[in-house]
1. Taking region 86-108 on its own, how many of its residues are among the aliphatic types (A, V, I, L, M) and free of Cβ contacts under 8 Å to residues at least 60 places away in the same chain?
2. Condition first: out of contact with any Ser or Thr (no Cβ under 9 Å at 6 or more places or on another chain) and under 19 Å from residue 134 (Cβ atoms). Can you find one or more residues in region 20-27 that meet it?
3. How many of the residues in region 157-192 are more than 21 Å from residue 59 (Cα to Cα) and not in a loop (DSSP other than H, G, I, E, B)?
4. Name the helices (runs of 4 or more DSSP H) wholly inside region 1-114 in which the number of residues that are acidic (Asp, Glu) and either surrounded by fewer than 16 Cβ atoms within 10 Å (Cβ to Cβ) or over 16 Å from the mean Cα position of the chain (by Cα) (or both) is 3 or more.
5. Scan region 137-146 and tell me whether some residue there is among the polar types (S, T, N, Q), at pLDDT 95 or above and more than 18 Å from residue 46 (Cα to Cα).
6. With respect to the numbered conditions (1) touching a Gly at 6+ places or on another chain (Cβ under 8 Å); (2) loosely packed, with under 13 Cβ neighbours inside 10 Å; (3) of a type in the set (S, T, N, Q), which one is the sole condition not fulfilled by residue 125?
7. What are the residue pairs meeting all of these: first residue in region 141-159, first residue under 14 Å from residue 131 (Cβ atoms), second residue of a type outside the set (Ser, Thr, Tyr) and in a helix (DSSP H, G or I), Cβ atoms under 8 Å, and 6 or more apart or on different chains?
8. Given the conditions (1) more than 20 Å from the chain's Cα centre (by Cα); (2) closer than 21 Å to residue 9 by Cβ; (3) polar (S, T, N, Q), report the number of the one that residue 138 does not fulfil.
Amino acid sequence: EAGGGRLGGLAYCIGSVDLRPLRRASPSDFLRAYAVNVVGAAEALKLAHKALAAECDARASEAAKSAGTAPHAPPGVVLFSSVAARAGLPNHTVVGSAKAAVEGLAVAAAAELAPKVRVNAVAPSLAASAMAAPMLGNAKAAEAIAAAHPLRRTGLPEDLAAAADYLLSDASGWVTATVLAVDGGRGAVAGK
């Protein structure tokens, strides 16, 4: 903003994966996961919301000048949750509960920041990334993980990017307080 630029959207793609059974999870494990996933996202929203609201006002002003009749789309925010927030997965208690809190944050922030800012979340299953490399590095493990998804593959970075791009775009101008599952069906179709 100092340079006169505009902020058209925000994607908070930071996260953590702490897989362990509940019996081995310490309070500090939960606090660390919540700090990265929930508190970090909340702080990013706090820092960006004024600039995003100003962007909404600028878009409204531009629409009024062009005598357009279509409503302008408020800028969007995308937070990242996980299939583990809704699907009970063994050893996912720490990350699953933190990501469920991210979904709660998205819905609450959508209500609070409307009508000038839209807030949504993407809930992926495991996708190829540096964070997933330890889990997908073993061919047998990667095959088993892919088989746990109805579409029989793990996600790609492009799958998640396309979902985030949609939620940040004007095409989703009437979408807010929504959690978009991008999980190959894993969260909705158990045991396939």
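1. Number of matching residues: 3.
2. yes
3. Result for region 157-192: 11.
4. 40-65
5. The answer is no, given that none of the residues of region 137-146 is among the polar types (S, T, N, Q), at pLDDT 95 or above and more than 18 Å from residue 46 (Cα to Cα).
6. (2)
7. Filtered contacts from region 141-159: 145/135; 145/136; 154/136; 154/142; 154/145; 154/146.
8. (2)
The values are calculated or read from the model by the stated rules, or taken from the named source; none is laboratory data. Note that the coordinates shown come from a computational prediction; the quantities given were computed from them, not determined experimentally. Using ideal geometry, Cβ is built from the backbone for each residue, glycine included, and neighbour counts are taken over all protein chains shown.
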